[in-house]
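Please read the structure below before turning to the comments.
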Amino acid sequence: MIDELLKKKWIAFFQAVDADKNGFIEREDYEKITARFAAIRDWKPGSPEYENLHNKLIFLWEKYWVCADLNQDNKISLDEFLETCRRQFAVDYASEEAAWEQSMPALFDVIDIDGDEKIDLEEYKQFLTAYGFNVSGYEEIFQRLDANGDGYISKEEYLQLIKEYCGVDPEAAGNWFFGYY
Ligand SMILES: [Ca+2]
Ligand SMILES: [Ca+2]
Ligand SMILES: [Ca+2]
Ligand SMILES: [Ca+2]
């Protein structure tokens, strides 16, 4: 029996990343997310910025999603995703090195546009928008996420938040990292 809070977060995450809303996560969804990000930042296809972003996002698709494609038909259904999360959750709780630690620093680099190793409010908002997460109340959420209140989410804060997002504590700030769920 999986925790209801976790399941709710996983479903919200899946539905957001499913950019074309066809019920599956596919490489095309990451193409769409790339295009959305680039449009917000006014980066044209073919520009170095665009290609760099595209590479990072496709890396996430390959690193994070492909292994969730249990029946190997090049798309990930919600059932496959939930099953993978369940398995992963069991492993993460039993091991020192959680699987999310591999792909999550890569996601940080996507969000941190200017590469100064911290996420500011504008970068956070652009990330939520491009990924299709719920942006309502993002300023208030950002304040909660910024544990030491210095106006930025540092990499250390970020990793802690992602850890919380993957956890079962209903009070943890990290539950809000991907917007309202
Ligand atoms: Ca899709
Ligand atoms: Ca599949
Ligand atoms: Ca930054
Ligand atoms: Ca901070």
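Quick notes
- Scanning segment 30-83 for residues that are of a type outside the set (A, V, I, L, M, F, W, C) and touching a residue at least 60 places away in the same chain (Cβ under 8 Å), we see that the one that is surrounded by the fewest Cβ atoms within 10 Å (Cβ to Cβ) is ARG41.
- Entry remark, segment 32-76: residues being within 17 Å of the chain's Cα centre (by Cα) and either within 16 Å of ligand 2 (Cβ to nearest atom) or farther than 20 Å from ALA106 by Cα (or both) number 8 in total.
- With a requirement of 2 or more residues that are among the acidic types (Asp, Glu) and away from ligand 1 (no atom under 16 Å from the Cβ), the helices (runs of 4 or more DSSP H) lying completely within segment 1-75 that satisfy it span 48-60.
FYI, it's all coordinate maths here, none of it is from the lab. Just so it is clear, the model here is predicted, and its values are computed rather than measured. Glycine also receives a Cβ, built like all others from the backbone with ideal geometry; neighbour counts cover every protein chain displayed.
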